[in-house]
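Since the structure comes first, as structure tokens, the remarks are kept for the end.
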């Protein structure tokens, strides 16, 4: 009589335990499931990195477009728009939490954004744009540090990259607007 367990790969069901290289039906299913899980994980990682690059690119374009439109349509309210936008951007993560409560890093970010916004509104135009530009850049650091791969928020995976791209572009435009010889910043010789 033929020992079926030995022919199929042994009684443990794992391939390579028996003399015949044909694995059992159960071990083949496990092997295929493991392969598909590995492929799925690699595809998710690839899609996630691709969506991050796309989100970052769209965010940069959106940040540039927003500042160009604001500076052309309402140049006298550019600082106010940037200040209110910074506070709104800081509130996105706490408002998108799955559970009620405020994380200390989020609370610090919201408080910092409120302080920067309130200080910038009362300053001369170029200094306030410099202060807000730094605030927007710091918010981009928050997005990059705390926004990736968290199941805490009801935000899509690409959102932190999009927000960081927007913050960097918008902050750079504000910093650029604050530079120059007419901005009140003069080098001492």
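The values are calculated or read from the model by the stated rules, or taken from the named source; none is laboratory data. Quick caveat, the model's predicted, so the values are computed rather than measured. For neighbour counting, all protein chains shown are included, and Cβ atoms are generated from backbone atoms with ideal geometry for every residue, glycine included.
Just to be sure before I move on: is residue 88 surrounded by fewer than 16 Cβ atoms within 10 Å (Cβ to Cβ), in contact with a helix residue (DSSP H, G or I) (Cβ under 8 Å, 6 or more places away or on another chain), at pLDDT 90 or above and not in a loop (DSSP other than H, G, I, E, B) in the structure I sent? Outline the logic, then answer.
On the way: surrounded by fewer than 16 Cβ atoms within 10 Å (Cβ to Cβ): yes; in contact with a helix residue (DSSP H, G or I) (Cβ under 8 Å, 6 or more places away or on another chain): no; at pLDDT 90 or above: yes; not in a loop (DSSP other than H, G, I, E, B): yes.
When the stated conditions are applied, residue 88 does not pass them.
Only one of the numbered conditions (1) assigned to a helix (DSSP H, G or I); (2) modelled with pLDDT under 90; (3) surrounded by fewer than 22 Cβ atoms within 10 Å (Cβ to Cβ) is not met by residue 99, and that is (1).
Which one of these is outside any helix (DSSP H, G or I) and buried (at least 16 other Cβ atoms within 10 Å of the Cβ): 157, 78, 126?
Working: 78 fails: outside any helix (DSSP H, G or I); 126 fails: outside any helix (DSSP H, G or I).
Residue meeting the stated conditions: 157.
Within region 53-75, residues that are at pLDDT 95 or above have Cβ atoms under 7 Å from residues that are buried (at least 19 other Cβ atoms within 10 Å of the Cβ) in no pair, counting only partners at least 6 apart in sequence or on another chain. Inclusion of residue 116 among residues that are more than 16 Å from the chain's Cα centre (by Cα), part of a helix (DSSP H, G or I) and closer than 19 Å to residue 67 by Cα is warranted. When region 96-105 is examined, which residues are found to be within 17 Å of the chain's Cα centre (by Cα) and either free of Cβ contacts under 8 Å to residues at least 40 places away in the same chain or more than 12 Å from residue 153 (Cα to Cα) (or both)? Matches in region 96-105: 105 only.
For residue 115, the conditions (1) under 20 Å from residue 97 (Cβ atoms); (2) surrounded by fewer than 15 Cβ atoms within 10 Å (Cβ to Cβ); (3) modelled with pLDDT of 90 or more all hold with the exception of (1).
Of all positions in region 140-150, at least one carries a residue that is modelled with pLDDT under 85, outside any helix (DSSP H, G or I) and crowded, with 16+ Cβ neighbours inside 10 Å.
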